[in-house]
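Below is one structure, written out as structure tokens; comments come after it.
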Amino acid sequence: MKIIIQSPHNKPSESLQRFIKEKVTKLEKYSDDIIAADVTLHQEEKANEEKQVCEIKLSIKGKDFFVKKKSRLFEDAILKSVDVLKEKLNKRKDKKVAKRKK
């Protein structure tokens with residue numbers, strides 16, 4: 001899987017890039033059809049505490065998934081995004097299995 005990391009206003013640190021790659025790569029356990037993951041990090045400038053935003057577009061054969069999560073830390077937003085994608089991939093897998101059984 002190809003992982004593209006973007007941050008429009010600042011470059012993520014090497015440790016944050018490694019963290020992203022480590023967590024996003026684990027999604028391959030849930031689907032062999034993943035082509036690429038586009039990860040975008042940015043900050044929202046609001047009075048709200050949750051200012052760090054992680055958006056992940058997961059390109060999969062036949063369908064793409066998109067998730068956007070916010071938190072006080074990029075790491076938490078990344079983990080939340082990856083957890084949602086795991087759920088979506090599991091649902092997709094369950095639907096495939098159900099179709100095969102028919």
Mind putting a number on the dipole of the chain about its Cα centre? Charges go on the C-beta only, +1 for Lys and Arg and -1 for Asp and Glu, and I need it in Debye to the nearest 20. 900 debye
I'd like the distance between the alpha-carbon centres of the range 2-40 and the range 47-101, rounded to an integer number of Å. 12 Å
In a GNM of the chain with a 10 Å cut-off on Cα contacts, which of Gln43, Gln17, Gln52 has the highest mean-square fluctuation? Gln17
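If the limit is 28 Å between Cα atoms, which of Lys70/Lys96; Lys46/Lys93; Lys11/Lys91; Lys57/Lys96; Lys68/Lys96; Lys51/Lys95 go over it?
In this structure, Lys70/Lys96; Lys46/Lys93; Lys11/Lys91; Lys51/Lys95 lie more than 28 Å apart at Cα.
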How high is the relative contact order of the chain, given as a whole-number percent (alpha carbon pairs under 8 Å, six or more residues apart)? 24 percent
Rounded tilt (10° steps) of 14-25 against the dominant C-alpha axis of the chain: 20 degrees
Please work out whether the chain counts as rounded, prolate or oblate from its C-alpha gyration tensor, where a ≥ b ≥ c are the square roots of the eigenvalues and a/c under 1.5 means rounded, while otherwise a/b larger than b/c means prolate and anything else oblate? prolate
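Just so you know, all these numbers are worked out from the coordinates, no wet-lab data involved. Model, not experiment: these values are computed from the prediction. FYI the Cβ positions are ideal-geometry reconstructions off the backbone, even for glycines, and counts take in every protein chain you see.
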